[in-house]
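What follows is calculated from the coordinates using simple rules that are stated; it is not laboratory data. What you see is a predicted model; the values in this text were computed from it and never measured. Because the Cβ atoms are built from the backbone with ideal geometry, glycine has one as well, and the counts that use them run over all protein chains shown.
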Amino acid sequence: RICGEFFSCGQAKRKRKWPIAFHESFQIIRSKTMPGFIDGIIAEYKHECTTTRKFLERLPDELPEWAPHPKSMTMRRLAVHVAEIPGWAKETWSLTEFLIYSATFKPNEIATREELLTFFDEKVAAGLDAMKSVKDSDFMTTWTMKWDDNVVVSMPKIAVMRGFVLSH
């Protein structure tokens, strides 16, 4: 028996529970050659980044300052925001606390689609590079984002990755 976990045989008639380690048709114990959980996250990251790049490629050459409402981001600012999100993977996995100070915060200024795509590709590469050294034990490490020393969010790194980087 491993960590008290049990496997249900899945047959409706049989309610008997088998200890995982003893069920011969399943290989639960990981070896050094088995991929880690991060490999699934990397595959999802690459898929999302491919889709996002297709969207960014279709934007006008000159990113417009149009906004649907005075309180909304302009199309240019929103495009830059979408392009910077893959870079958050680096901050998610390499830091436990991310601090933003409104007095010094400056959004990235990008004027053309070509600059935007270059910026996006750099962020994707930085995110992939950061994920190379992630271990399964890192997934539940708490990550905190603060704005002017006020906690905005504090949750396990895997929740940040899935909720803010992959599905933002």
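In segment 71-168, what trypsin sites (Lys or Arg not before Pro) fall in a loop by DSSP, with at most 12 other Cβ atoms inside 10 Å?
Filter output for segment 71-168: Lys71, Lys132, Lys135.
The GluC sites (Glu not before Pro) of segment 53-98 that meet both conditions, a loop assignment by DSSP and at most 11 other Cβ atoms within 10 Å of the site Cβ, are Glu65.
Pairs Lys54/Lys90; Lys71/Lys157; Lys106/Lys135; Lys123/Lys146; Lys71/Lys132; Lys46/Lys157: which exceed 28 Å Cα-Cα? Cα-Cα > 28 Å for Lys71/Lys157; Lys106/Lys135; Lys71/Lys132; rest within.
The chymotrypsin sites (Phe, Trp or Tyr not before Pro) found in segment 43-130 that occupy coil by DSSP, while having at most 15 further C-beta atoms within 10 Å, are Trp66, Tyr101, Phe105.
In terms of its alpha-carbon gyration tensor, segment 100-154 comes out oblate; a/c meets the 1.5 threshold, while b/c is at least as large as a/b. Does segment 34-79 classify as rounded, prolate or oblate by the C-alpha gyration tensor (a ≥ b ≥ c root eigenvalues; a/c under 1.5 gives rounded; else a/b over b/c gives prolate, otherwise oblate)? Because a/c hits 1.5 or more and a/b exceeds b/c, segment 34-79 counts as prolate.
Compute the Cα gyration tensor for segment 32-168, then decide on rounded, prolate or oblate, letting a ≥ b ≥ c be the square roots of its eigenvalues: rounded whenever a/c is under 1.5, prolate when a/b is larger than b/c in the other cases, and oblate in all that remain. Oblate, since a/c reaches 1.5 and b/c is not below a/b.
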